[in-house]
Structure formats: structure tokens, C-alpha cells
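Taking it in order: structure first as C-alpha cells, then the write-up.
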Amino acid sequence: RLFASSFRGAHSRLTRTITQQKIRALVSAHRDRDRKKRDFRRLWITRLNAVIRERGVSYSYSRLIHNLYKRQLLLNRKIVY
């Protein structure tokens, strides 16, 4: 019941709905942790691509990554921007 104390209405009072809501909340939390990682990766890629195009380089993000991969260089997308 302590976990469900912030829920509203019957979801915080009735035992069956508390268990259902707890399971639902934990499933959503697990799913959204993965989704957050995915969303941030997309954001970093979008920002990098914008910088590449802004600098007037004649290729896109995918070509940059491909060239770095061929030269065996690692790129941490989080700190580049």
C-alpha cells in the first residue's frame, strides 16, 4: 500500500486494483527506461547531423560514422555536441 499511496481514487485503496496498478507502473517504468535511451540517441544523432550540415561538409551523419568506423575510431555521441 505504501507504493500505491500516491495513486488516486480506488487505485490507492482497493487491494486488487493496487496490485494491478503496481504491475502496470513497473512495466511502464521498465519500458520507458529503454525508450528514454532510444530517444536520447536519436536526439544526439539529429544534433550531430545538423552540425555536420551546418559546417558545409559534403556528407551526412551516416557517412561520417561510416568513415570513422573504417578508420577504427570510436565516437561518443553524448559528449560531441
Total residues in the stretch 27-56, condition surrounded by 12 or more Cβ atoms within 10 Å (Cβ to Cβ) and more than 14 Å from the chain's Cα centre (by Cα): 7
First in the stretch 26-49 and closer than 20 Å to SER60 by Cα, second anywhere and among the hydrophobic types (A, V, I, L, M, F, W, C), Cβ under 7 Å, 6 or more apart: LEU48/VAL80
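Yes or no: the stretch 38-46 includes at least one residue that is under 17 Å from ARG77 (Cα atoms) and hydroxyl-bearing (Ser, Thr, Tyr).
As a first pass, look at the stretch 38-46 and keep what is under 17 Å from ARG77 (Cα atoms): 38-46.
Filter once more, so that each one left must be hydroxyl-bearing (Ser, Thr, Tyr): 46.
The answer is yes, given that some residue of the stretch 38-46 is under 17 Å from ARG77 (Cα atoms) and hydroxyl-bearing (Ser, Thr, Tyr).
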Output for the stretch 57-81, where each listed residue is of a type outside the set (A, V, I, L, M), open to solvent by less than 60 Å² (accessible area, probe 1.4 Å) and within 23 Å of the chain's Cα centre (by Cα): SER60, TYR61, ARG77
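The values are calculated or read from the model by the stated rules, or taken from the named source; none is laboratory data. What you see is a predicted model; the values in this text were computed from it and never measured. Glycine gets a Cβ as well: all are built from the backbone with ideal geometry, and neighbour counts include every protein chain shown. What goes into the accessible areas is simple: the full protein's heavy atoms, side chains included, and nothing from ligands, DNA or RNA. Shrake-Rupley method; radii C 1.70, N 1.55, O 1.52, S 1.80 Å.
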